[in-house]
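See structure below.
No lab work stands behind these numbers, since they all come straight from the coordinates. In this text the structure is predicted, and so the values were computed from the model without any measurement. Here Cβ is always computed from backbone atoms with ideal geometry, including for glycine, and neighbour counts include all displayed protein chains.
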Amino acid sequence: MFAFWIAAAALSAVVGWLMLNGARAATRFAGDDPTLAVHRRQLDEIDDLAARGLLPESEVRSARAEAGRRLLAAADTATAPESAAGRRLVLAAALIAPLLAAGAYVTVGAPGLKDQPFAARLAEWRSGDLERLDMPRLAAILRAITVERPNDAEAYYKLASVELGQGDPVAAGSALRRAVSIAPERADLWALLGESFVVQAEGRVDNDAKAAFSEALKRDATNVSARYFLSRAEIQDGRVAEGLAGWRALLTALPSAAPSEQAVRAALTAEIAAVEKAGALPTTTPAPAPQPGVPDDAAIRGMVDGLAARLETQPDDPEGWVRLVRAWAVLGETGKRDAARDRARTLFKDNPQVLQALDQAAEAPR
């Protein structure tokens with residue numbers, strides 16, 4: 001490492017010297033020093049005398065040589081002090097700058113620390129406690145998984161959830177497009193894709209989002225996210241009565257058993273009241289930014305709690321249990337995830353396919 005800094009200092013000094021040497025040569029002949037003008041005039045006069053035959057040919061050469069020598073000597077006298085001082089200053093700077101940089105690196109850096117290749121760090125993250133990782137590290141793990149398993153829709157779904165959680169809807173949308181191409185029958189993938197479009201559009205339900213939510217409803221007519229945002233799109237586009245009717249129907253369909261579900265119902269009720277008063281979407285009330293994976297996202301947790309409440313009254317829904325286990329896994333609620341999986345395993349203990357799907361949904365991304 002220190003050999004590098006020494007080499008850098010030497011190279012800087014050489015470059016500085018070459019630059020100053022060129023500048024000195026240019027300055028020597030570009031200046032307006034009156035002494036130099038006198039010597040140049042003497043050379044011109046010698047040429048003039050020779051041309052008129054007033055100076056013998058035998059003396060022309062020696063006279064020109066003597067005048068040229070004086071001109072060069074005068075040029076050196078005029079520029080040498082300034083050039084020498086400048087040369088010393090720049091050469092000192094060229095030597096000192098790398099040394100200062102090396103000193104700063106030794107002081108605040110870590111010259112003794114071994115290289116940490118990304119692959120090694122990634123392997124360390126995957127082998128540790130995933131629940132303690134922050135969003136960027138978890139996203140890095142999931143990206144690696146999608147490379148290893150390019151046809152695993154679930155891996156792309158979890159990656160998209162984390163990307164949304166760390167505020168990158170563009171990356172989430174890219175992952176979800178891949179996911180729906182692998183598993184186009186999954187309503188949850190289409191709904192989350194629609195949510196990513198809403199976030200990208202800063203709360204507006206654009207045509208891409210509408211199309212994705214419509215695909216979700218084709219596969220699951222009870223999908224809460226799709227119903228909410230398509231009704232919001234109606235209000236947004238001026239069909240206020242139709243949109244409010246959709247929200248009221250959704251409000252009626254939402255279970256109210258779970259405590260977090262009560263917060264969702266209260267928020268939706270308040271939003272309905274605001275639209276009724278304004279006759280449109282209030283500009284001060286943006287659409288909720290869906291961010292699965294963010295622990296304080298009441299809307300997403302409310303949806304998951306709503307699914308859990310429905311399964312308590314209608315437990316004969318293996319796909320619903322798989323979605324619930326997956327949702328708790330994405331949200332990082334390992335206790336609720338395990339409880340839901342254990343309950344479902346008891347209900348469907350004679351169905352190996354459901355048991356396998358439950359285990360896959362609960363699998364921590366590694």
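Points to keep in mind about this one:
- Burial ordering of Ser161, Ser225, fewest other beta-carbon atoms within 10 Å first: Ser225, Ser161
- Here the Karplus relation 6.51 cos²θ - 1.76 cosθ + 1.60, evaluated at θ = phi - 60°, turns the backbone of the stretch 318-326 into coupling constants of x, 5, x, 5, 5, 4, 5, 4, 4 Hz, with x for every Gly and Pro.
- Annotation for the stretch 304-343: GluC sites (Glu not before Pro) lying in DSSP loop with at most 13 further Cβ atoms inside 10 Å of their Cβ do not exist.
- Our coupling estimate for the stretch 191-196, obtained by passing each phi through the Karplus curve with A = 6.51, B = -1.76, C = 1.60 and θ = phi - 60°, is 5, 5, 4, x, 5, 5 Hz, Gly and Pro reported as x.
- Projected label points at Ser174 and Glu319, each 7 Å from Cα along the beta carbon direction, are separated by 3.1 nanometres.
- For the stretch 243-249, the Karplus equation 6.51 cos²θ - 1.76 cosθ + 1.60, evaluated at θ = phi - 60°, returns couplings of x, 5, 4, x, 5, 5, 5 Hz by residue, with Gly and Pro reported as x.
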